[in-house]
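**Student:** Below is a structure I'd like to ask you about.
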Amino acid sequence: MPTTDPSSTNTARNILTGLRSIMASRGNAQVKLNKVVNTIAKAVSSEVCSIYLRRDGVLELFATRGLNAEAVHVTKLAMGEGLTGYIAKNVETLNLDEAASHPDFQYRPETGEEKFHSFAGVPIIRNQQAIGVLCAQHVEPRRYSEVEIEAFQTAAMVLSELITSAELVDDNLAEETASLDNGANRLSGLQLVKGKASGHAVFHQPRVKIEHTVAEDTEAERHRVYSAFDKMRDQIDQMTSQAEFGVGGEHEEVLETYKMFAYDEGWSRRINEAIDSGLTAEAAIERVQQHTRMRMRQIDDPLLAERMHDLEDLANRLLRIVSGQMGTAAKMGLRQDTILIARNLGPAELLEYDRRRLKGVVLEEGSLTAHVTIIARAMGIPILGQVKNIRQVVREDDHLLLNVDENVVFVRPGPAVVEGFEAQLELSQKKRAAYSELRDKEAITKDGIRIMVNINAGLRDDLALLNLTGADGIGLFRTEFQFLVAATMPGRAGQTRFYRDVLDAAGEKPVIFRTIDIGGDKPLPYFQTSDSREDNPAMGWRAIRIGLERDALMKVQARALIEAAAGRKLNVMFPMVAEPWEFDQAKAVFESQRAYLCGQKKRLPSQIRYGAMLEVPALAECLDLLADRLDFLSIGTNDLTQFLFAADRSNPKLAERFDWMSPAILRFLSRASENAARFEIPLGVCGEMGGRPLDALALLGLGIRNLSITPASVGPIKAMVRSLDLGQAKLEIAAILKEAPAEPRLRLEQWANQHNVDLD
């Protein structure tokens, strides 16, 4: 790291030395604060230095040098009132050469501050909340230098320890903040998984709590930072080698910019300077970041504002490394009903959380077809994605109301918002009750067409939902979920028991087992799927490609499934088949295991039916070649959309770009449906498209009669089917295919409303 700026270091060190001496001296807190303002004022040659502390819901002048002494404990400001209140409310630094020019300026005559023009203030922060404000003023109109601002920030960090230990501020700041905001914060996002939830905010990667600010050994702290920087840079190098990392701007540009920040010598130098002044490694990183936030807010540039997020992410990462607090919230356990907040999540990461406590998820990124969204939908956990700036608005343990149905999350809601939310929740429960009445009723259209409505599953807990929803069966059992939740590779005996339990729970209802689909955004930490870095994992070494390469993995699963299905019908489906030979080789693996078990005199399934998922468009061109040996076909609309539009499903910039109701998708599905019918191949849909009433209506109009959807969607889909005249729907879908209107979704929705089709 480069050498430090002596003026900056010396100023901060002088203040820190003085504050350490004051903190160690005898006397009550008030006496110490009086000494503090004198020490800071002298160090930066400021005519005024004042400390405001938050107590009883307001900011109270606790100590001052330069203002009227009679104003101490008399001058009080509400949060957001005046410049001091502005700093506390927004947790933001101000540096003004003319205080009166700021729109939030308020003159308080009792302080005698009318003769002072310049103003600088920094928040005193504890656990991401402002517990007070440190201010400086000067007669002459001038902006305080960066050296002085950094010195104020250093002083504020040390003051937070003194103030907290002396119990000068309220203990219930979180509750107080909630009442002050009174539901004013409402954030919008993208609907990923519908639903409503109430809970307390928990960050997937919790923010580091800085407990100690003053260093005992400066050199030891410096070495801690050196080591943390090395580890962080190694992590960044590894991350930037993966294609799924980096969003916001052009891919390569973002990656390079992020890496540039990580290796920025100016950043590391400023942290080193802060350590030289006497701060701990954690406090030094946070002080530099506070100053960076202040400077970035002064620049009205959208590109730089976007990069602020990268800087924040890097600073948090460095803090976690240096503090050793690397675990996620899942590792620490959830103590209460929780709304999880994350930049993004992988499927395995979501599955680590306690399902009893996890009520909802808010993502800064996220997309409709990402696997984490699919898993959350299966778990019945609502997700709101694309929520920008949530880290700047939400604090740990804040009360949140998540209403994904309306694409919003309420932060620290007031009583009126809570009351309205509870009323909506009650209405939702009534709708669920109405859907439950359809549990024992078949999905038959008004003109007498029977539609099969199955559920997608993958976890043991999902099995109970088969009977609770009244579904016809399990149209997609994702066997990889068992692998994702395990710490090590599941053995054959464990797999056999699990698959047998699934079949036992299903009883007479059919179950389609999809062979393990890993790779892409479903990596197994204990299983290396590729020897080299993949530029595009979604289109890389995954699903059946791994199964055929690592045939031992498929053989174990095949034997487990065959043994589990003894005496019963076994339905096996291979994912991501692109060419006939892949299907043939996968089937051959199963047939070889059946032959082996037959030789061992093991009881075999009464029948094995083999199917494929139509996810890769190439397979649609080969259906005639497979017609004689393909027992069924199931369309996976999520990956199909990704491949058809060359749109990475994990990229949030593409999350809303391509619609399942687009003419391209509908025409492709229509042709696939016609070909399947021509070759007498039973066809279904097991993607997320089938779980949305309007989209499902389109699928039925295209000739598809078998849907496999999330358990939560069974009721709404049954209600839609039973209100539908399928003959009329087919005519409308045919017209849409022919005319290719600009907004096919809107047109079909209008048609459905005109014909009283239930889309709620």
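**Student:** Just how large is the dipole of segment 23-133 about the Cα centre, in debye to the nearest 20, putting +1 at every Lys and Arg Cβ and -1 at every Asp and Glu Cβ?
**Tutor:** That gives segment 23-133 a dipole magnitude of about 660 debye.
**Student:** What's the ranking of 190-203, 437-450 by average number of surrounding C-beta atoms within 10 Å, highest first?
**Tutor:** 190-203, 437-450
**Student:** Whole angstrom only: what separates the Cα centroid of segment 635-649 from the Cα centroid of segment 66-97?
**Tutor:** So the separation of the two Cα centres works out to 55 Å.
**Student:** Taking amide H positions as placed 1.01 Å from N in the peptide plane, with prolines and chain starts having none, which residues 5 or more places from residue 54, or on another chain, fall under 5 Å of its amide H?
**Tutor:** 60, 132
**Student:** So which of 446/509; 359/388; 32/209; 231/388; 194/738 end up more than 23 Å apart by C-alpha?
**Tutor:** 446/509; 32/209; 231/388; 194/738
**Student:** Quick query: amide H of residue 190 versus all other amide H atoms, modeled in the peptide plane; which residues come in under 5 Å with a sequence gap of 5 or more or a different chain?
**Tutor:** 385, 386, 387
**Student:** What ranking do 455, 704 get, fewest neighbouring Cβ atoms within 10 angstrom at the top?
**Tutor:** Listing 455, 704 from fewest to most nearby Cβ atoms yields 704, 455.
**Student:** With θ set to phi - 60°, apply the Karplus curve 6.51 cos²θ - 1.76 cosθ + 1.60 along segment 186-203 and write out the HN-Hα couplings as whole Hz, x wherever there is a Gly or Pro.
**Tutor:** Working through the residues one at a time gives 9, 10, 9, x, 9, 5, 10, 10, 5, x, 10, 7, 10, x, 9, 5, 9, 7 Hz.
**Student:** Among all the lysines, which ones have a C-alpha under 26 Å from residue 35's C-alpha, if same-chain residues fewer than 8 places away are not counted?
**Tutor:** Candidates past the 8-residue exclusion: 76, 115.
**Student:** Shifting gears a bit: Pull up all non-local amide H partners of residue 635: gap of 5 or more, or a different chain, and H-to-H distance under 5 Å with H placed in the peptide plane.
**Tutor:** The answer is 614, 684, 685, 686.
**Student:** Could you pull out which residues in segment 726-760 have an amide N less than 17 Å from a spot 7 Å beyond the Cα of residue 437, following the Cα-Cβ vector?
**Tutor:** Answer for segment 726-760: 758-760.
**Student:** For a quick check: sort 267, 581 by the number of other beta carbons within 10 angstrom, fewest at the front.
**Tutor:** Going from sparsest to densest Cβ surroundings: 581, 267.
**Student:** Explain nothing, just the number: dipole magnitude of segment 441-501 about its Cα centre with +1 on each Lys and Arg Cβ and -1 on each Asp and Glu Cβ, in debye rounded to the nearest 20.
**Tutor:** With only Lys, Arg, Asp and Glu charged at Cβ, the dipole is about 160 debye.
**Student:** For residue 28 and residue 56, what does the FRET efficiency come to when R0 = 25 Å and r is the distance between their Cβ atoms, rounded to the nearest 0.05?
**Tutor:** So, using R0 = 25 Å, E works out to roughly 0.80.
Here, each number is a calculation from the coordinates, and none is a lab measurement. All values reported here derive from a predicted model rather than from experimental measurement. Note that each Cβ is placed from the backbone with ideal geometry, even for glycine, and that neighbours are counted across all protein chains shown.
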